[in-house]
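Below is one structure, written out as structure tokens, with a few remarks after it.
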Amino acid sequence: MQTRALGNTNLQVVPLMFGGNVFGWTIDAPTSFRILDAFVDRGFNFIDTADVYSRWKPGNRGGESETILGQWFKESGKRDKVILATKVGIEMGPGKQGLSKRYILEAVEDSLARLQTDHIDLYQSHREDESTPIQETLEAYQQLIQQGKVRIIGASNYKAANLTQAIEVASQHNLPTYQTLQPEYNLYERKPYETELAPVAEKFSLGVIPYFSLASGFLTGKYKTIEDAKGKNRGAFIEKYFNDRGSKILQALDEVSRDTNAAQATVALAWLLAQPTITAPIVSATSIEQLESLFAAVDLKLDQTALDKLNQASAY
């Protein structure tokens, strides 16, 4: 199966990343284990989570996703088959947030314990922390890399100017630099990434791993009306897409789907994979059946006619 380098590193990933935000939120541990087995047994190797997943679910405290992943690593023995990514920075409780050196060094130990592993392949700043000097954050990551607890670092939800500044500070002080970027990007949400972040990613050869790759399920075509989305776990995320532009995008996806005999989700992911700066879109599934349309995207090569149709429908 084809692989792509992760930033300026020798880490090779199959270009599809599984998003672990569903573990402990929309699926329980046994279902998570089955999906993880299916994902890895098909040759995929890139999994994303965060310490804060899924603190937003009533009754959860955060750490549920990492805990389930750790249980799966222990039971399956497949830790060495996975390039594991997690994140730090979003509030986990009083005094437990941000990117200070003190907090990062504390939070990483909690994540390692939950994940039942001795290292994290890709440790990401979940969002910017303007109260902490960039140099301090990078010095914390340097210590973790030297200790072998982290291999490389990445940024999530960073603005272009701040990402550039962080990379420049790393260069000036001989500190580890961000190798990846995790932005919101999909066929509907194009403008912020393409106009601001893509030039930075290209300039510094960052590995880009976009989240909401399927616009919370909107691009799969399973929600035909705004009423279909109401009451669903991701309903609040989806309602904003139901407008004239969203309808044009769904129509184009439907046409390309019929032309290629591929599911709309497959087409939407294949469009992302055709974008020059994208390394691996993040995808999630709550059943084995849903995985198949995601897997197929890696092998679907859209021709220029299909790409033009999708680009025109989603133009901004």
- [ ] With viscosity set to 0.692 mPa s and temperature to 37 °C, compute the Stokes-Einstein D of segment 127-243, Rh being the Kirkwood radius across alpha carbon pairs; µm²/s, no decimals.
- [x] 204 µm²/s
TODO: Before anything else, pin down the relative contact order of segment 238-316: Cα pairs under 8 Å, at least 6 apart, normalised by residue count, whole percent.
DONE: 40 percent
Task: Separation in nanometres of the label points that stand 7 Å from Cα toward Cβ, at residue 190 and residue 28 - done: 4.3 nm
Open item on the list: On C-alpha positions alone, give me the angle between the axis of helix 101-115 and the longest principal axis of the chain, in degrees, nearest 10.
Closed with: 60 degrees
Open item on the list: If I build a Gaussian network model for the chain, linking alpha-carbon pairs within less than 10 angstrom, which residue out of 277, 31, 220 has the largest mean-square fluctuation?
Closed with: 31
Task: Ranking of 309, 81 by count of other Cβ atoms within 10 Å, fewest first - done: 81, 309
- [ ] Under a 10 Å cutoff between Cα atoms, tell me which one of 148, 24, 77 has the largest fluctuation in the Gaussian network model of the chain.
- [x] 77
- [ ] Have a look at the DSSP beta bridges in segment 4-182 and tell me what percent are antiparallel, nearest 5.
- [x] 15 percent
- [ ] Write down, largest first, the equivalent ellipsoid semi-axes of segment 4-182 in whole Å, where each equals the square root of 5 times an eigenvalue of the alpha-carbon gyration tensor.
- [x] 26, 19, 14
TODO: Return a whole-number percent for the relative contact order of segment 4-182, with Cα pairs under 8 Å and 6 or more residues apart as the contact set.
DONE: 17 percent
TODO: Please order 173, 126 by the number of other Cβ within 10 Å, starting at the fewest.
DONE: 173, 126
Task: Globularity index of segment 161-207, i.e. its alpha-carbon radius of gyration over 2.2 N^0.38 Å - done: 1.23
Open item on the list: Assuming 0.36 nm per residue, please report the length gained on full extension of the stretch residue 38 to residue 2 beyond their Cα-Cα distance.
Closed with: 11.2 nm
Task: Relative contact order (%) - the chain, alpha-carbon pairs under 8 angstrom, separation at least six - done: 17 percent
Open item on the list: Taking the alpha-carbon distance from residue 309 and a cut-off under 20 Å, which aspartates and glutamates remain once sequence neighbours fewer than 8 residues away in the same chain are dropped?
Closed with: 189, 194, 244, 254, 255, 259, 299
Open item on the list: Run the paramagnetic zone check for residue 171: 7 angstrom along Cα to Cβ, then residues of segment 108-139 with backbone nitrogen under 20 Å.
Closed with: 134-139
Open item on the list: Compute, for the chain, the length of the dipole vector about the Cα centre, with Cβ point charges of +1 (Lys, Arg) and -1 (Asp, Glu) only. Units Debye, rounded to 20.
Closed with: 260 debye
Task: Helical contribution to [θ] at 222 nm, DSSP H n ≥ 4, -39,500 (n - 2.57), averaged over the chain, rounded to 500 - done: -12000 deg cm²/dmol
- [ ] Arrange the following residues from fewest to most other Cβ atoms within 10 Å of their Cβ: 283, 14, 88.
- [x] 14, 283, 88
- [ ] Provide the FRET efficiency to the nearest 0.05 for the residue 239-residue 305 pair, computing r from the beta carbons and using R0 = 35 Å.
- [x] 0.65
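Just so you know, all these numbers are worked out from the coordinates, no wet-lab data involved. Predicted model only: the values in this text are computed from it and were never measured. Note: ideal-geometry Cβ built from the backbone for every residue, glycine included; neighbour counts use all protein chains shown.
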